[in-house]
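Have a look at the structure below, then the notes.
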Amino acid sequence: MNKPLRRIAIFCGLLTLALLVRTNWLQFVQADDLKEDPQNRRVAIQRYAQPRGNIVVDGKPVTGSTEVAGSDFKYKRTYKNGELWSPITGFASQRIGANQLEKLYDPVLTGDDDRLFFNRTIDMLTGKPKKGGNVVTTLNRKAQKAAFDGLGDKKGAVAAINPKTGAILALANKPSYDPSVFAGNSDKDAKAFQNLEKKKDPDDPMLNRALRQTYPPGSTFKVVTAAAGLESGDYDIDSKTDSEDPYRLPQSTTDLGNEGNNPACKNASVRVALQWSCNTVFAKMSNELGNKKMMEEAEKFGFNRDQDDNAQDTPVRPAPSVYPKDNRPQNAMAGIGQASNRATPLQMAMVTAAIANDGKLMKPYMVDQLVAPNLNVIDQTKPKELSQPVSPENAQKLQSAMETVVEKGTGTSGKISGVTVGGKTGTAQHGENNKDNPYAWFISYAKTDDGSPVAVAVVVESSDTLRSDIAGGKLAAPIAKSVMEAVLDGKK
Amino acid sequence: MSSNLTNTGSNTTVSSGGLPSRRNTELAMLVFAVIVPVFAYANVGLAMDDKLPSGMLGYGAGLALLAAVGHLVVRRYAPYADPLLLPLATLLNGLGLVLIWRLDQSERLQTRAESLFGQFTPDAPKQLMYSAIGLALFVAILMVIKDHRILQRYTYISMAVGLVLLIMPMFFPPVNGARIWVNIGPINLQPGEFVKIILAIFFAGYLMVKRDALALASRRFMGLYLPRGRDLGPILVVWALSLMILVFETDLGTSLLFFGLFVVMLYVATERTSWIVFGLLLSAGGAAVVATFEPHVQDRVQAWLHPFAKETMAQSDQIAQSLWAFGSGGVLGSGWGQGNSDLIGFAANSDFILATVGEEMGLTGMMAILIIYGLIVERGIRVSLAARDPFGKLLAVGLSSAFGLQVFVVAGGVMGLIPLTGMTMPFLAAGGSSVLANWALIGILLRISDTARRPAPSPAPSTDAEMTQVVRPS
């Protein structure tokens, strides 16, 4: 019987060998795949095992971390004044995941970034827990607060940029949300998130209006049309435009008039047309320049970007603004910011900033530095020029016209004593046959001796105010003014 | 301890020369088998609470006492027994206790038990009690059964008892999809654990008698010796029985174990490869047929093939959790008490206990544990090789290969090598039936090995060899 016994011994040895091979396969060959499988809860446990790095505004964090009792996800995110800062931070929820800066800089914030390898190794060797790095933003605390408070209970958004660098100074939304309420992993957090979703809350508080919502820009777009006109060489800032009032749209029987039938609009110069926001002049100008030239100019300002084009990543990617390819009557209407013309508040802030920066458009950005836990700077954003939509001379002409708007035109409520301010109002109609309340716009910049430190775009969505009251100058301009003042105060 | 025996040359087939009893080797290894789990116990406490566990002294003393009793009884009643089996079993039992205690500390499992059953009861104290009872059974076997050949008398009684135990779970409600439990009042038994020993006794007794008929009366066909139709009877009966277990008790593991056990013993008894071929064909065919209509088996196969698929996870994420635990352990493991293998939830400290070894002790620990199991099996087969009587040979190889198959089926299932079946890891896993049955198994193996290595009785004493005396205990 011993021969089969020896064979059985070998067989049992092979069974053991199979198990040994399998355990080597699992724990050596496949170990990393299994260990890092996103479905493996250990990945999340590890991730929340230490406090997360912070997002910093003006040297102080706007985020924090707190220990959660009774959960294997030890630390959860907290936000200081979450509603104010959520358009920048986004959220980091154990249950839902993350977005915006929280997501894009997740490796830095958790400490897993390759650039933190040295810190991590030192911490590991000295037995200290892993630490996350910080994300330092370009935001201006006072400007952000002015924007947020200025919007009050009204729906809308504010975007403010430093024209010289493209650094974003304010990015405010109303309504907004506090990402703290769903930062954890409980069912309560899931419920809180659901309640904020558009399905439950039609006001859509989690929509980042300043970056991701496009509106018809209305009359604020006239500065782009004016820029196209000046750049074409066919128009100058103070020469008459030979335009009738009312203006009959091309290939159409529709007559376009002006707000309050302002007599100054007839045959007005570009400056006067901007001053009184004359539809007739700019619709005619857009028509004479043609759809192609209008599109080209708008694109130089940043319109018509591809969905997946990363040129304007702040690093959060804004929704693309659109100047449409269209027929002549629609193109004429697009020239005054109506028809299918759509822009984000950030886009209009970029238009303003480019003009204020003597025609040079800087890439907008909101992250200044990435800082290691030991305060070493591991990344520093350098301002980058995107394009030159207008020549310096034309830009200065446009500036002087926009300053006229604030000095003695529709935008007087944006005036700041002792400071040069240029601006443009807008009242964009929307809804079928204009039955919805219009959007009130205001774009403006302030100028000091060494150039312009701030350009801002404000949009206030439909409010209960009477239609006649909703002109951008009345609703939006005071908000822009307080944001500019906040930035200027900081400069002093 | 050893007897100095002069070989007179009359019994040349079996060496009766002065074999050392090797009890001192066993004692030395038992010291390690106690110290290693005690250190592990301390390690868990330090890792989880930053202090030595309060029960450490009691635990260490308890394990040492079990080992000491085991050793003394072997020294007294089976002095020539294999020196490795007792230390290896003690080591596994000790590590199992630590693993169960470590999982008792898991907040996740505590919360889980509270939400499911209203309260949480730690398993480690129970397991310590079962270990004591198991060792008592081991002691009883060595004391009562002076010679394993006594068991041969109970061949057909074993068959009857084995069949009853096998069929019993059919009359009790299934637990988690498999009918492997017998619940009588407060006692919950897994008869399958005991049946493997009882059936091994039956098979050994039966095959010892029938082996010649099975081996010799056969026709040669294409290089294989085909058994006669009437000799196929027993194998078909066992095959049908294991299929019935599979169908009515939905217990893949047990049916595989019994059929495998029978085929191995048949092969050893008859020395005919054809039995293996038949066995494999029958089991593969049977399993394939059952799988076509038994949803429980299909689910297990699907879960094995696609452990991370959405459908599988929706039913149970056990295998996925187990694989993640192994992978996350890597080469060196997270260290005692620092893993998350408790995410497995149900059966984390029984069927899936190996995942905790894998995560917390890593590849290194897994290889060590698997080699310990492999050593037990190979020592068991070594006992079989050394045994002098066919019944002892068959019984030893049957018990060892049943143990080996069970380890393979459980470990392979937990590691995703083969479909998962509901069986426990011998000695490591929490569960009274398993601990008792496996201590009994080790006891019987020790008894056979003692008989095998015991110096042979001397030939009829002759007057001129008065000095030659067999020194036999008891």
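The values are calculated or read from the model by the stated rules, or taken from the named source; none is laboratory data. Nothing here was measured: the structure is a model prediction, and the numbers come from that model. Here the Cβ is made from the backbone with ideal geometry for all residues, glycine too, and neighbour counts use every protein chain on show.
Residue B:331 meets each of the listed conditions (1) among the aliphatic types (A, V, I, L, M); (2) crowded, with 21+ Cβ neighbours inside 10 Å; (3) within 7 Å of chain A (Cβ to nearest Cβ) apart from (2). With the structure loaded, tell me whether residue A:334 is touching a strand residue (DSSP E or B) at 6+ places or on another chain (Cβ under 9 Å) and within 26 Å of residue A:410 (Cβ to Cβ) or whether it fails that test. Here the answer is no, as residue A:334 does not meet what is asked. Only a single criterion out of (1) away from chain A (no Cβ under 14 Å); (2) surrounded by 24 or more Cβ atoms within 10 Å (Cβ to Cβ); (3) polar (S, T, N, Q) is not satisfied by residue B:270, namely (1).
Each row is one residue, and each column tells you yes or no for (1) away from chain A (no Cβ under 14 Å); (2) within 28 Å of residue A:40 (Cβ to Cβ); (3) of a type in the set (A, V, I, L, M, F, W, C).
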residue: B:275; (1), (2), (3): no, no, yes
residue: B:284; (1), (2), (3): yes, no, yes
residue: B:293; (1), (2), (3): yes, no, yes
residue: B:307; (1), (2), (3): no, yes, no
residue: B:320; (1), (2), (3): no, yes, yes
residue: B:342; (1), (2), (3): no, yes, no
residue: B:350; (1), (2), (3): yes, yes, no
residue: B:357; (1), (2), (3): no, yes, yes
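So in region B:309-318, with the set limited to residues that are within 13 Å of another protein chain (Cβ to nearest Cβ) and not hydrophobic (A, V, I, L, M, F, W, C), which one is farthest from the chain's Cα centre (by Cα)? Looking at residues that are within 13 Å of another protein chain (Cβ to nearest Cβ) and not hydrophobic (A, V, I, L, M, F, W, C), I get B:310.
So is residue A:103 farther than 26 Å from residue A:189 by Cβ and part of a helix (DSSP H, G or I) or not? Judged against the criteria, residue A:103 is not a match. Any residue at all in region B:306-319 that's part of a helix (DSSP H, G or I), in contact with a Lys or Arg (Cβ under 7 Å, 6 or more places away or on another chain), at pLDDT 90 or above and of a type in the set (A, V, I, L, M, F, W, C)? No - not one qualifying residue is present in region B:306-319. The residues of region B:225-267 that are farther than 21 Å from residue B:194 by Cα, within 14 Å of another protein chain (Cβ to nearest Cβ) and modelled with pLDDT of 75 or more amount to a single one, B:267. Going residue by residue through region A:244-266, is there one that turns out to be in contact with a strand residue (DSSP E or B) (Cβ under 7 Å, 6 or more places away or on another chain) and more than 19 Å from residue A:329 (Cβ to Cβ)? No; the residues of region A:244-266 include none that is in contact with a strand residue (DSSP E or B) (Cβ under 7 Å, 6 or more places away or on another chain) and more than 19 Å from residue A:329 (Cβ to Cβ).
For (1) within 7 Å of chain B (Cβ to nearest Cβ); (2) not in a loop (DSSP other than H, G, I, E, B), each residue gets a yes or a no:
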| site | (1), (2) |
| --- | --- |
| A:8 | yes, yes |
| A:17 | no, yes |
| A:21 | no, yes |
| A:34 | yes, yes |
| A:49 | no, no |
| A:56 | no, yes |
| A:69 | no, no |
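The residues of region B:438-463 that are under 26 Å from residue B:368 (Cβ atoms) and either surrounded by fewer than 24 Cβ atoms within 10 Å (Cβ to Cβ) or at pLDDT below 90 (or both) amount to a single one, B:440.
Among the candidates A:282, A:301, the residue that is among the aromatic types (Phe, Trp, Tyr) and in contact with a Ser or Thr (Cβ under 7 Å, 6 or more places away or on another chain) is uniquely A:282. Among the helices (runs of 4 or more DSSP H) lying completely within region B:85-158, list those that include at least 3 residues that are surrounded by fewer than 23 Cβ atoms within 10 Å (Cβ to Cβ), over 22 Å from the mean Cα position of the chain (by Cα) and hydrophobic (A, V, I, L, M, F, W, C). In region B:85-158, the matching helices (runs of 4 or more DSSP H) lie at B:107-117. Filtering A:113, A:106 for residues that are under 26 Å from residue A:313 (Cβ atoms), among the charged types (D, E, K, R) and in contact with a helix residue (DSSP H, G or I) (Cβ under 6 Å, 6 or more places away or on another chain) leaves a single hit, A:113. Considering B:443, B:392, B:413, the condition of being farther than 26 Å from residue B:123 by Cβ, part of a helix (DSSP H, G or I) and either of a type outside the set (Ser, Thr, Tyr) or more than 10 Å from chain A (Cβ to nearest Cβ) (or both) is satisfied by B:392 alone. The residue that is nearest to the other protein chains (Cβ to nearest Cβ), among those in region B:377-386 that are touching a residue at least 60 places away in the same chain (Cβ under 8 Å) and surrounded by fewer than 24 Cβ atoms within 10 Å (Cβ to Cβ), is B:382. Here residue B:338 passes the criteria (1) in a helix (DSSP H, G or I); (2) within 12 Å of another protein chain (Cβ to nearest Cβ) except the one numbered (1).
Only one of the numbered conditions (1) in contact with a Leu (Cβ under 8 Å, 6 or more places away or on another chain); (2) exposed (fewer than 14 other Cβ atoms within 10 Å of the Cβ) is not met by residue B:166, and that is (2). Residue count for region A:26-56 under the criterion of being buried (at least 18 other Cβ atoms within 10 Å of the Cβ), closer than 18 Å to residue A:96 by Cα, without any contact (Cβ under 8 Å) to a residue 60 or more places away in the chain and not polar (S, T, N, Q): the result is 3. For the criterion of being in contact with an Asp or Glu (Cβ under 6 Å, 6 or more places away or on another chain) and either assigned to a helix (DSSP H, G or I) or not hydroxyl-bearing (Ser, Thr, Tyr) (or both), residue B:348 passes.
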